[in-house]
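Following: one structure in structure tokens, then a few remarks.
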Amino acid sequence: MYERGARRWLVLALFLGPSLLGVLLFVAGPIVASLALAFTSWDLLTPPTFAGLRNFDRLSRDLEFWAALRHTVTFLAGYVPLVLVTGLAVAVALNGRVPARGAFRAIFFLPVVTSWVAVALVWKWLLNPQFGLVNAWLAQLGVRGPAWLFDPGWAMPSVIMTSVWKDTGFVMVILLAGLQAIPREYFEAAAIDGASRWQQLRHVTVPLLAPAIFFALTISLINSFQVFDQVYVMTGGGPAGATTVLVERIVKQAFSFSRMGYASAMSWVLFVLIFATTFAFSRLQRRWS
Amino acid sequence: MKAFRFLAALLLVAGLAFAQTTVNYFSFTTDQDHVPQLEALIAEFESQNPGIQVRYSTAPFADYFTKLQTDFAAGNPPDVFELNYENFVTFASRGTLAPLGERLGADPAISAETFYPAALEAFAFEGVQYGLPITFSTVVLFYNQDLFDAAGVAYPTDDWTWEDVMAAAEAISDPDNRVWGIYQPVQFWEFYKVAHAAGGGLQVGPEIAIDTPENRAALEYLVGKIEAGVMPTDAQLSGMANEDLFQAGQLGMLVSGIWMFERFQQADFAWDIVVEPAGERRATHFFANAAVVAAPSQVADAAYAWVRFLAASPEVAATRIATNWELPALSLSNSEALSPYLERGAPDNREAVFASLAYAVTPPVVDRQPELQDVINQELEAVRFGSKTVAQALESAQRRVASLLAD
């Protein structure tokens, strides 16, 4: 029997109520409040005072903000292509007939469900220039490893590498689902026409996988703008400020410097950046397909 | 009649329970190791002050201020809390603290001679006393006697200068075996002091003087040890804490705080301390913490009673000394309270702690203290990693601090 009218609404409200209440109270509330706070000056100790556009004006002249934006974009430019390529490679490899396929999929997915703090700490040890395994292995190959997280030039590449390692499994799962939706007949037909493995990948797999790839791309873009945990644990923004990123700046302004209004303004600029990028990509996708 | 008496007794007990005043106390100086001592002191205070109950909570220094400010923003600050000297002005200037004023003046047990003078003065703002100092500490030169013996170098004395430090460090250093002559952190707290010792100082008001020849010489001295190879770089340390390196017997000398005494008891080599060696002149650290009463507190009288107990009671002083729980900020003339400290040994030269206080210089303090320290630290880190020269960093620090303070 189909439930109708008021009764149906009641059931809906009962099921959705608790989580909806949580979202309204702890997500929607602070979002609205932060928009208002972005136009104030608030140090938590004294009541907020109206500041007009001063926070945004300050933002435009804040060299540390621009440096953090630059580092965030560097992260994005390294991380997004790499994680998509490795995710696609692993997905394609594990879509075929491979022994212990399920076990391999689980292994690649394991870092995704591991907490960032644990992953970052483990990699911090692996990459330790004096006592780490990575440099010990490099030394056996006769290579003198860099100082990784202690070298301003190597710190961001290290963070990117660790992030790619952690998120490859996530991209893999999305693309695996997409791959399984591609009828096997297409590959058989292509094979009969004489297409090589590479040509099949290039002309059958990737075009049909485009919606899944776009989805993975969008999520990875949003994640890169919000990059924080790994930076916070692995480098704290160092060495010598080489890995400061936007969210880390926001946290610092809000909780170390007690500039709540300024931090809120920064958060909204970040939101607009993410929104604009995602919007542009969804437009791009529509034109593609 | 019996029932009536019982009821009366019951009412009396209930009345007393309601008359109980509760003081909420928030502390960062109470680390994990000292919680039992704090609880014992609270019990002692409550027995001396019937009707007052103290409820405490603690947080490590790194999280303390975030929680404190959130409590203020939520309109629910603790009645009594702790402030370090550097953050005191931020709170005092915003009207968040209750003046101790009349209560302090009327207190028979407290006089001008009770506290170490600089520690008491540190917690007055625009002539009003807002806090009583509860602890203070300083920084000294720790040295590993075994490494000095092995290198055939004479132990440091109270007359040492920076040249003596460099000479000894070079004799002791053996980086191939991960042994270095010295570690002295390159950060805000070391720099303000070394700048003063070099004849300069970090001046942030009324005029800003950060990029001066003396301060450049000071920073050259700090990073010069890395350049000379007698102090490990960040990459050589690889995240190892400098105190762990000292404790592992890999450092000849270490510039660090007296709060390390307890930890170094476990070292398997002989060590001692001296007053920090002099540059152009001598300068040492001044770290002080105070207990203050929040302006909105509804129980200000009880809160004050707890503050003065923490600051001036013999029970607290004895506990702090017996458990290496920082140093009570009492006047040095109070030898009865302080003499047990000198007799504890390990390190033997504990007189150096008090001798250091004679040269203590206070750090620069501004309303936007965390940002001031962050700017200075960023510039110092850039020099440490070699991405800026001393001149570039101080020039930039001068400019950035000026724009911060003009903001």
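What follows is calculated from the coordinates using simple rules that are stated; it is not laboratory data. Quick caveat, the model's predicted, so the values are computed rather than measured. Here the Cβ is made from the backbone with ideal geometry for all residues, glycine too, and neighbour counts use every protein chain on show.
Worth pointing out:
- Inter-chain shielding of B:225-237 (mean C-beta neighbours from other protein chains, 10 Å cut-off): 2
- The length gained on full extension between B:A228 and B:S111, counted as 0.36 nm times the residue separation minus their Cα-Cα distance, comes to 37.1 nm.
- Counting other Cβ atoms within 10 Å as a rough exposure proxy, the listed residues A:W198, A:W66, B:W180 run A:W198, A:W66, B:W180 from fewest neighbours to most.
- The distance from the alpha carbon centre of segment A:1-50 to that of segment B:262-318 is 46 Å, rounded to a whole number.
- Listed values for segment A:268-280 are Karplus-derived 3J(HN,Hα) couplings in whole Hz (6.51 cos²θ - 1.76 cosθ + 1.60, θ = phi - 60°), namely 6, 5, 4, 4, 4, 4, 5, 4, 4, 5, 4, 4, 4, and x replaces Gly and Pro.
- Of the peptides A:136-142, B:22-28, the order by per-residue mean of other Cβ atoms within 10 Å, starting with the highest, comes out as B:22-28, A:136-142.
- B:Q298/A:A189 FRET efficiency (R0 60 Å; Cβ-Cβ; nearest 0.05): 0.15
- Shielding of peptide A:125-132 by partners, expressed as the average count of other chain Cβ atoms within 10 Å per residue Cβ, is 3.
- Across all C-alpha atoms in segment A:119-182, the radius of gyration and Dmax reach 15.5, 48 Å.
- Net charge over other residues, Cβ less than 15 angstrom from the Cβ of B:V365 (K, R count +1; D, E count -1): -3
- Under the simplified labelling scheme, the B:R55-A:F275 pair shows an inter-label distance of 4.2 nm, with each label point 7 Å from Cα along Cα→Cβ.
- Helix B:213-227 and the longest principal axis of the C-alpha atoms of chain B enclose an angle of approximately 80°.
- Hydrodynamic radius (Kirkwood) for chain A, which is based on Cα pairs only, to one decimal in Å: 22.4
- Built amide H within the under 5 Å cut-off of B:A270, gap 5+: B:Q145, B:D146
- Segment B:Y155..B:Q20, full-extension length gain: 42.9 nm, with 0.36 nm per residue of separation and the alpha-carbon distance subtracted.
- A Förster radius of 22 Å combined with the Cβ-Cβ distance from A:L53 to B:S403 puts the calculated FRET efficiency at roughly 0.70.
- Burial ordering of B:W160, A:W125, fewest other beta-carbon atoms within 10 Å first: A:W125, B:W160
- Bridge type composition, the protein assembly as shown - antiparallel percent by DSSP, nearest 5: 70
- Label-to-label distance, A:R283 versus B:F354, with points set 7 angstrom from Cα along the beta-carbon direction: 7.6 nm.
- What the phi angles of segment A:248-257 give under the Karplus curve with 6.51, -1.76 and 1.60, with θ = phi - 60°, is a coupling list of 5, 4, 4, 4, 5, 4, 6, 9, 9, 9 Hz, glycine and proline written as x.
- The per residue volume of the convex hull around the alpha-carbon atoms of segment A:142-289 is 150 Å³.
- In chain B, the longest principal axis of the Cα atoms and the axis of helix B:35-48 are about 40 degrees apart.
- Gyration tensor (Cα) of chain B, equivalent ellipsoid semi-axes in angstrom: 43, 26, 18
- Part-to-part distance (alpha-carbon centres) for segment B:25-92 and segment A:61-103, which is given in Å: 45
- In order along segment A:146-158, the Karplus-derived 3J(HN,Hα) couplings, from 6.51 cos²θ - 1.76 cosθ + 1.60 at θ = phi - 60°, round to x, 7, 6, 5, 9, 10, x, x, 9, 4, 5, x, 5 Hz, and Gly and Pro are given as x.
- Contact order normalised by residue count of segment B:21-123, Cα under 8 Å, 6+ apart, percent: 33
- One way to sum up the overall shape of segment B:308-407 is the equivalent ellipsoid from its Cα gyration tensor, whose semi-axes run 40, 18, 11 Å, largest first.
- Averaging Cα coordinates gives a centre for segment A:185-225 and one for segment B:151-175; these two points are 67 Å apart.
- Amide proton proximity set for B:L330, modelled H, under 5 Å, gap of 5+: B:Y116
- Toward the positive end of the charge dipole of chain B, with +1 on the Cβ of Lys and Arg and -1 on the Cβ of Asp and Glu, the farthest Cα among B:V140, B:A360, B:A402 is that of B:A402.
- Residue exposure sequence - B:V89, B:V230 - by fewest surrounding Cβ within 10 Å: B:V89, B:V230
- Annotation: Cα Rg of the protein assembly as shown relative to the compact-globule expectation 2.2 N^0.38 Å equals 1.16.
- The amide H of B:T22, built 1.01 Å from its N in the peptide plane, has B:Q53 as neighbours under 5 Å, considering only residues 5 or more places off or on other chains.
- Using alpha-carbon coordinates, inclination of helix B:162-172 to the longest axis of chain B, degrees: 70
- Simple spin-label estimate for A:W198 and B:D268 in nanometres, 7 Å along Cα-Cβ: 6.0
- Sparsely packed GluC sites (Glu not before Pro) within segment B:307-407, loop by DSSP, other Cβ within 10 Å at most 15: B:E343
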